[in-house]
Amino acid sequence: KIWDTRQRTKPGLSFEAHDTDVNVISWNRLTSCMIASGGDDGTLRIWDMRFISNKQYVANFDYCKKAITSVEWSPYEGSMVATSSADNMVCFWDLSVERDAAEEVELKEGDGLEIPVDIPPQLLFVHQGQENIKEVHWHEQIKGAVISTAYDGFNLF
């Protein structure tokens, strides 16, 4: 539910955002119309508030196989978002990246490379090695620095 605090009696908008529970949500501070949400089903969804009335997300990523435990937009780059998940991954996403079919054909024909279809092109990096990751946060002053917390400690990278 999205609440307008000026209207205290009912939510401004209410709809089913994920097929399962929504665990986390984050406003994009640089592009204020964008929201990222993470669900129990492992999906990361991106919402554009300008078009939210049709109750349709603008991007859906189901790379993680277990619940999303944290999601946070980069304070420096409006298209970057970091997530953590119950399958012990911290993922970095760049929503400005798009699949380039012509480049994929060129790589396949020229170098004989197979482009994996199960990895979204927006997925930049996956950090693993922690157990039971709970949160991921960008550093407010050190550009690109991220901290993640987990059962076995925290990582700063």
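Pull out all pairs, ordered by first then second residue, where Cβ-Cβ is under 7 Å, the residues are six or more apart or on different chains, the first lies in segment 11-23 and is modelled with pLDDT of 80 or more, and the second is of a type in the set (A, V, I, L, M) and outside any loop (DSSP other than H, G, I, E, B).
Asn23/Ile68
Scanning for something in contact (Cβ under 8 Å) with a residue 12 or more places away in the chain, surrounded by fewer than 15 Cβ atoms within 10 Å (Cβ to Cβ), out of contact with any Cys (no Cβ under 9 Å at 6 or more places or on another chain) and within 12 Å of Gly42 (Cα to Cα), does segment 69-78 turn up at least one residue?
Taking segment 69-78 and keeping what is in contact (Cβ under 8 Å) with a residue 12 or more places away in the chain, we get 69-78.
Checking which are surrounded by fewer than 15 Cβ atoms within 10 Å (Cβ to Cβ) leaves us with 76.
Narrowing further to those that are out of contact with any Cys (no Cβ under 9 Å at 6 or more places or on another chain): 76.
Of the ones still in play, those that are also within 12 Å of Gly42 (Cα to Cα) are none.
No.
Inside segment 109-157, can you point out the residues that are within 15 Å of Ser84 (Cβ to Cβ) and touching a Pro at 6+ places or on another chain (Cβ under 7 Å)?
The one that is within 15 Å of Ser84 (Cβ to Cβ) and touching a Pro at 6+ places or on another chain (Cβ under 7 Å): Trp138.
Go through segment 112-128 residue by residue and tally those that are among the aliphatic types (A, V, I, L, M) and at pLDDT 90 or above.
Of segment 112-128, the ones among the aliphatic types (A, V, I, L, M) are 113, 115, 117, 119, 123-124, 126.
Among the residues that remain, those that are also at pLDDT 90 or above are: 123-124, 126.
Total meeting the criteria: 3.
Output yes when any residue across segment 83-91 is touching a Leu at 6+ places or on another chain (Cβ under 7 Å), surrounded by 14 or more Cβ atoms within 10 Å (Cβ to Cβ) and of a type in the set (Val, Ile, Thr), and no when none is.
Filtering segment 83-91 down to residues touching a Leu at 6+ places or on another chain (Cβ under 7 Å) leaves 83, 91.
Then keep just the ones that are surrounded by 14 or more Cβ atoms within 10 Å (Cβ to Cβ); that gives 83, 91.
Okay, now just the ones that are also of a type in the set (Val, Ile, Thr), so 83.
Scanning segment 83-91 turns up at least one residue that is touching a Leu at 6+ places or on another chain (Cβ under 7 Å), surrounded by 14 or more Cβ atoms within 10 Å (Cβ to Cβ) and of a type in the set (Val, Ile, Thr).
Are any residues in segment 37-59 modelled with pLDDT of 80 or more and more than 19 Å from Asp87 (Cα to Cα), and if so, which ones?
Taking segment 37-59 as the starting set, the residues that turn out to be modelled with pLDDT of 80 or more are 37-51, 56-59.
Within segment 37-59, Ile46, Trp47, Asp48, Met49, Arg50, Phe51, Gln56, Tyr57, Val58, Ala59 meet the criteria.
Quick check on segment 106-153: of everything there that is among the aliphatic types (A, V, I, L, M) and part of a loop (DSSP other than H, G, I, E, B), which residue is nearest to Ser79 (Cα to Cα)?
So, considering only residues that are among the aliphatic types (A, V, I, L, M) and part of a loop (DSSP other than H, G, I, E, B), the one nearest to Ser79 (Cα to Cα) is Ala145.
Tally time: how many residues in segment 45-60 are open to solvent by 90 Å² or more (accessible area, probe 1.4 Å), part of a loop (DSSP other than H, G, I, E, B) and of a type outside the set (D, E, K, R)? Walk me through how you get there before you give the answer.
Of segment 45-60, the ones open to solvent by 90 Å² or more (accessible area, probe 1.4 Å) are 50-51, 53-56.
Now drop any that are not part of a loop (DSSP other than H, G, I, E, B), which leaves 55-56.
Narrowing further to those that are of a type outside the set (D, E, K, R): 56.
The number of residues fulfilling the criteria is 1.
State whether the residues of segment 134-151 include one that is free of Cβ contacts under 8 Å to residues at least 60 places away in the same chain, under 17 Å from Lys65 (Cβ atoms) and exposed (fewer than 13 other Cβ atoms within 10 Å of the Cβ).
Among the residues of segment 134-151, not one is free of Cβ contacts under 8 Å to residues at least 60 places away in the same chain, under 17 Å from Lys65 (Cβ atoms) and exposed (fewer than 13 other Cβ atoms within 10 Å of the Cβ), which makes the answer no.
Confirm whether Ser96 is open to solvent by less than 20 Å² (accessible area, probe 1.4 Å) and under 14 Å from the mean Cα position of the chain (by Cα).
Values: open to solvent by less than 20 Å² (accessible area, probe 1.4 Å): no; under 14 Å from the mean Cα position of the chain (by Cα): yes.
So Ser96 fails the test.
The values are calculated or read from the model by the stated rules, or taken from the named source; none is laboratory data. As the structure is a prediction and not an experimental result, all values here were calculated from the model. All Cβ positions, even for glycine, are placed from backbone atoms using ideal geometry, and neighbour counts span all protein chains on display. For the accessible areas, the whole protein counts, side chains as well, though only heavy atoms, and no ligand, DNA or RNA atoms are used. Shrake-Rupley method; radii C 1.70, N 1.55, O 1.52, S 1.80 Å.
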